[in-house]
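Presented below is the structure to which this report refers.
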Amino acid sequence: MGEDGESPKINHSFLRDYVTEADVISTVEFNQTGDLLATGDKGGRVVIFQRETESKGDSEELAESGEYNVYSTFQSHEPDFDYLKSLEIEEKINRIRWLPQQNAAHFLLSTNDKTIKLWKVSERDKRPEGYNLKDEEGRLKDISTVTSLQVPVLKPTDLMVEVRPRRIFANGHTYHINSISVNSDGETYLSADDLRINMWHLAITDRSFNIVDIKPANMEDLTEVITAAEFHPQHCHLFVYSSSKGTLRLCDMRASALCDKHSKIFEEPEDPGGKSFFSEIISSVSDVKFSHSGRYLLTRDYLTVKVWDLNMEKGPVETYQVHEYLRSKLCSLYENDCIFDKFECVWNSSDSVIMTGAYNSFFRMFDRETGRGVTLEAWRESSKPRAVLRTRRVYTGGRRRRGDVGVDSLDFTKKILHMAWHPAENIIAIAATNNLYIFQDRVNPEAQ
């Protein structure tokens, strides 16, 4: 996975082309099996894609295909207005999380800045016919005309995908929601805003339990905000949240109902020599993810992605430079607000490779065993099916190679903020502003 060598052959398919600001993708999430992929956008819509399934007569290559087609589209949130604060509430979908599947239906949570909704996604390919008290158009019959009784029957019909709201969790947050995470118990989930984290029961909408509150008595004393939060994948009593100061706090709900006192705090010692005006801004953690094993934490700040061991609090065990060449550009990035971009990070299914986004439609992958990274590009010119992605390199000095991109030539409007990795295979979904790409490793699915 060297920066200079060729990457494994990767097939990908370009799914949709969006043209307006409302269609810019704001979150991407696979379900637990990877057969469904949901995206949310700034227009409050959720689009669900379904993976093509194998059918008789199909070749083995088609059965292993990572092609996803549109399964359902629905409007999750509408623009709203907070009359008490005279503030508009955007319809933008901040997060989507799938619930573990219990039956034929699928359930997912979606949230904007203020309101979380639980949606049921189900299929219907039969419809009842032969009602006693209704005619074929569904109108009630005159009872006096019913002379005999019949048993209604189910008859095949065209497949319909129904999406219905089952719960609406409102009025739980004063500030903007940045994270939701489903607990491993399958019954509860947490939601986090800038200053508080609440825990909800999936069956109860009118109340939640506040489990973290960092709001000071005097807001002038505020020094940090919560940037992300997530439950442990196996232990339902553990969760972690990150802050704008670059710290991670692991909390145990067995110790106290209000987890203002953390069980562990993970932070990197500050380097006095490297301190600058931008130090606190670039150290702010924009995303935190537990590994599938539950042993490690993955975090992303502006310039780096780090791996932390839950058993070692004094500092990260691995640090990878995402775009160190931007350190000299922080002043201009501050002026155009790019320094506040919130990049996500993800693990592969075996926790051996990590991925995160960058600018110029670039995204980075790091092999944890070798420590080497590769830069790939999601762009429309190479969006033909079965096209092979080549590695890219940013020229920072020395000998310039053909195809290298200069730092001053980077397009900061083309940013890869949101992504997801299939839970079992080397299939990734990349949201490139208002385009969605699927990439699939077709050479060796065991090594990426």
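Annotations
- Per-region count, region 5-37, residues part of a loop (DSSP other than H, G, I, E, B), modelled with pLDDT of 50 or more and open to solvent by 30 Å² or more (accessible area, probe 1.4 Å): 5
- Single residue of region 38-54 satisfying the filter (open to solvent by 60 Å² or more (accessible area, probe 1.4 Å) and either in contact with a Lys or Arg (Cβ under 9 Å, 6 or more places away or on another chain) or of a type in the set (S, T, N, Q) (or both)) that is nearest to N69 (Cα to Cα): Q50
- Contacts under 7 angstrom Cβ, first residue in region 343-369 being more than 20 Å from E324 (Cα to Cα), partner of a type in the set (A, V, I, L, M), 6 or more apart: W347/L298; W347/I354; S349/A424
- Residues that are buried (at least 20 other Cβ atoms within 10 Å of the Cβ) and out of contact with any Lys or Arg (no Cβ under 8 Å at 6 or more places or on another chain), drawn from region 102-114: K114
- Qualifying residue in region 342-361 (condition: touching a Leu at 6+ places or on another chain (Cβ under 6 Å), of a type in the set (A, V, I, L, M, F, W, C), in a loop (DSSP other than H, G, I, E, B) and modelled with pLDDT of 90 or more): yes
- Only one entry of Y241, Y189 meets the criterion of being more than 22 Å from I281 (Cα to Cα), touching a strand residue (DSSP E or B) at 6+ places or on another chain (Cβ under 8 Å) and in a strand (DSSP E or B), and that entry is Y189.
- Boolean, G40 is assigned to a strand (DSSP E or B) and at pLDDT 85 or above: yes
Results for (1) in contact (Cβ under 8 Å) with a residue 24 or more places away in the chain; (2) polar (S, T, N, Q); (3) under 27 Å from I180 (Cβ atoms), shown as yes or no for each residue.
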site	(1), (2), (3)
Y296	yes, no, yes
T299	yes, yes, yes
Y302	yes, no, yes
D309	no, no, yes
H323	yes, no, no
K329	yes, no, no
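- Any hit, region 224-235, residues being among the aromatic types (F, W, Y) and within 17 Å of R254 (Cβ to Cβ): yes
- If only residues of region 337-360 that are hydroxyl-bearing (S, T, Y) and open to solvent by less than 10 Å² (accessible area, probe 1.4 Å) are counted, the one that is nearest to the chain's Cα centre (by Cα) is T356.
- S328 passes every criterion in (1) under 30 Å from H292 (Cα atoms); (2) open to solvent by 10 Å² or more (accessible area, probe 1.4 Å); (3) outside any loop (DSSP other than H, G, I, E, B); (4) among the polar types (S, T, N, Q) apart from (1).
- Boolean, D287 is within 25 Å of I177 (Cα to Cα) and surrounded by 19 or more Cβ atoms within 10 Å (Cβ to Cβ): yes
- Meets criteria (closer than 23 Å to A432 by Cα and open to solvent by 10 Å² or more (accessible area, probe 1.4 Å)) for F363: no
- In region 240-271, the residue that is farthest from D213 (Cα to Cα) out of those that are open to solvent by 80 Å² or more (accessible area, probe 1.4 Å) and free of Cβ contacts under 8 Å to residues at least 12 places away in the same chain is D271.
- Among the numbered conditions (1) in contact (Cβ under 8 Å) with a residue 24 or more places away in the chain; (2) open to solvent by 50 Å² or more (accessible area, probe 1.4 Å); (3) more than 19 Å from F412 (Cα to Cα), the only one that Y334 does not meet is (3).
- Count - residues of region 151-186 that are among the aliphatic types (A, V, I, L, M), at pLDDT 95 or above and either assigned to a loop (DSSP other than H, G, I, E, B) or open to solvent by 50 Å² or more (accessible area, probe 1.4 Å) (or both): 2
- Options E88, E129: the member that is within 31 Å of the chain's Cα centre (by Cα), of a type in the set (D, E) and surrounded by 11 or more Cβ atoms within 10 Å (Cβ to Cβ): E88
- Of all residues in region 413-436, none satisfies being over 23 Å from C345 (Cα atoms), part of a strand (DSSP E or B) and aromatic (F, W, Y).
The values are calculated or read from the model by the stated rules, or taken from the named source; none is laboratory data. Remember, it's a predicted structure, so these values are computed and weren't measured experimentally. No Cβ is skipped: glycine too gets one built from the backbone with ideal geometry, and neighbour counts run over all protein chains shown. Protein only, heavy atoms only, side chains kept; ligands, DNA and RNA dropped before computing areas. Shrake-Rupley method; radii C 1.70, N 1.55, O 1.52, S 1.80 Å.
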